[in-house]
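Data block below; observations after.
The values are calculated or read from the model by the stated rules, or taken from the named source; none is laboratory data. Remember, it's a predicted structure, so these values are computed and weren't measured experimentally. As a convention, Cβ positions derive from the backbone with ideal geometry for all residues, glycine included, and neighbour counts pool all protein chains shown. These area figures cover heavy atoms from the full protein model, side chains too; ligands, DNA and RNA do not enter into them. Shrake-Rupley method; radii C 1.70, N 1.55, O 1.52, S 1.80 Å.
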Amino acid sequence: MKSKDIILSIVFFSQTGIGILGNSFLVCLFIFMVFSGHRMRHADTLVSQLALANCLGLLSKGIPQTMTAMGLMDFLDDTGCQIVFYLHRIARNLSLSMTCLLSGFQAITISPNTSNWAELKARTPTYLIPSSLCFWTFHLLLNIFIFWGIRGPNYTRNMTEIQHYGYCVNEVPFGLYASLLLIVLSFPDAVCLGLMVSASSYMVILLFKHYKKVQKIHITHISHRASPETRATKTILLLVSMFLTSYLITCVLTAYVSFVKFPPGLMHTSAFLNLSFPAASPYVLISSDSQVHRYLYALCGRKSSHSDRKSSTQPGCKKAPIGVK
């Protein structure tokens, strides 16, 4: 192996491993808190699904990309390539959909009670699970087209009609079929991106109005203390910004390689950007979401109470805060 290939394999392996660790931690934490009887926020159902989709995307993209960087090309056949690309497409679309739902739900949550959203604000939590199920079903059915375009690395058709990803190849469609396919695949993404940008812009406006209002208050402990809703909104805005940045750059690269020969360096760059959001997003949530910290404190307090009631709480664990059930 060349030194460049070793570095690439280490980068992809680290990115995949770190991302899977963080997302798996969130999924396991939420599952444990549900089965232990703790009350969860409505948004946690979306966060857990986002973490699950991120795990799926990291496994289906990060592991093959790591093996390709190590020089292993022939470890998948046609069926294996189709399954891997199908799972990756579903994971990518679900990450977009769940991030869109999170931003929309948070925008409605922090909207003023006197606004036109007041009635929808009360009913929104009941729509989250049905909306999530609709997204899962929709993406599972929409991405079936993958099985007609992806082939194994040993596919021997005219090289001008395929894109080679190292471990698999993709037949490039042309003509009317390519145009229809582009419209069908781009329309749901465009709708989600439009809703996400609109919700984020609305939240930024509300935060700015809140900031201006707070500046008029001269009580120190009020003016310098952010509310839980404000902190949660800033976390969602950070996630949306991360997703939009990686998504748009990846789209530009994808459009570029559709007309130009796919160079290996660009292939690795596109893969790295694809893996950036699912690898980094769980740590943004863990570090900035105070509710996740409360779940951790509750989990540590529960373990210590069952392990030894005579001893104090375990090292590194604080007592569960009052009000966490």
Once you list every other residue whose beta carbon is under 12 Å from the beta carbon of ALA107, what net charge do they have if Lys and Arg are +1 and Asp and Glu are -1?
0
With all protein chains present and a 1.4 Å probe, how do HIS139, HIS293, HIS268 order by accessible area, largest first?
HIS293, HIS268, HIS139
Using the Cα atoms of region 43-148 to build a convex hull, what is its mean projected area in square nanometres?
7.8
Counting only protein heavy atoms with a 1.4 Å probe and every protein chain in place, the carbon and sulfur fraction of the accessible surface of region 1-107 in whole percent equals 72
Rh (Kirkwood; distinct C-alpha pairs) - region 1-99, Å:
14.9
Ordered by packing density, taken as the mean number of other Cβ atoms within 10 Å over each peptide's residues, highest first, how do 248-254, 44-50 rank?
44-50, 248-254
Just the accessible area per residue of region 104-146, please: how many Å² with a 1.4 Å probe?
59
